[in-house]
1. What are the extents of the Cα atoms of the chain along their three principal axes, listed from largest to smallest and rounded to whole Å?
2. Report D for region 9-49 in µm² per second (integer): Stokes-Einstein, Kirkwood Rh on Cα pairs, 25 °C, 0.890 mPa s.
3. Tilt of helix 63-75 relative to the longest C-alpha principal axis of the chain, in degrees (0 to 90, nearest 10)?
4. Tell me, what HN-Hα J-couplings in whole Hz come from the Karplus equation 6.51 cos²θ - 1.76 cosθ + 1.60 at θ = phi - 60° for each residue of region 50-56, using x for Gly and Pro?
5. Report, to the nearest 10°, how far helix 18-35 tilts away from the longest principal axis of the Cα atoms in the chain, using its own Cα long axis and a range of 0 to 90°.
6. Under the definition of Cα pairs under 8 Å and six or more residues apart, what whole-number percent is the relative contact order of region 3-75?
Amino acid sequence: MWKEQNDRLVCDFIFDDFKSAFTFMTRVAFEAEAMNHHPDWLNIYNKVTIHLSTHDAGDKVTDKDYELAERIDSCYRP
């Protein structure tokens, strides 16, 4: 699901409704905070688009991004 493009990991997540999308974002927020590694994301109704890069590494993709991507995938319950 994740694609590496423009020095970022990018993925779209689709849900049945806004409430489900927001619940997912809340789960992701807890994982991101635990890692102290926060995504750039956009939510429009039932779609969440997430971009991951490591700001401290010059906005490049690092192992930290891959780890957070795995944690995000575990939060996804469409």
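1. Reported extents, whole Å, longest axis first: 35, 25, 16.
2. Diffusion coefficient, whole number: 235 µm²/s.
3. 10 degrees
4. Per residue, the Karplus-derived 3J(HN,Hα) values read 10, 10, 10, 7, 9, 4, 5 Hz.
5. Roughly 30 degrees between the two axes.
6. Reported relative contact order: 37 percent.
Bear in mind these aren't lab numbers, they're just calculated from the coordinates by the rules spelled out. None of the values given here were measured: they were computed from a predicted structure.
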